[in-house]
Ligand code: FES
């Protein structure tokens with residue numbers, strides 16, 4: 001079984017669900033968070049894409065330069081699971097034979113801390129002293145719920 005623990009509440013999720021699909025959506029302090037289990041590791045991030053709020057739970061995971069990324073189903077933005085960085089393929093026109101290279105836009109998606117202890121998985125609590133682009137959509141979902 002997987003426990004999603006937050007500052008205020010604890011939510012219990014079925015281990016089989018996350019194992020089967022590799023991901024599960026949970027509420028952490030009322031905020032929708034997507035928890036991934038990918039190649040033996042847990043990751044958690046805001047469930048709505050920082051670009052326009054696309055549902056990342058429906059995205060595919062791709063390996064880009066050795067980094068596992070979720071690909072948003074709406075406009076195919078790539079977000080690293082580990083750091084929440086937005087990746088894009090850029091060309092440096094000053095190079096003699098320019099080839100597209102993956103580059104980072106910086107951290108765009110809020111990543112949530114995951115701790116595994118004694119077979120239980122704990123997510124959060126979020127650190128709101130820092131803000132990220134994905135906060136806008138996470139808070140929008142909160143306002144509308
Ligand atoms: Fe995710 Fe646009 S909403 S790429």
Next item on the list: Treat each spin label as a single point 7 Å out from the Cα along the C-beta direction, and report the residue 63 to residue 91 distance in nm.
Entry: 2.8
Next item on the list: Place the peptides 45-51, 22-28 in order of packing, highest mean first, counting for every residue the other Cβ atoms within 10 Å and averaging per peptide.
Entry: 45-51, 22-28
Item checked: Burial ordering of 83, 99, fewest other beta-carbon atoms within 10 Å first -> 99, 83
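Every number in this text was worked out from the coordinates using simple rules, so none of it is lab data. Since this is a predicted model, take the numbers as computed values, not measurements. Don't worry about glycine lacking a Cβ; one is built from the backbone with ideal geometry, like all the others, and counts go over all protein chains shown.
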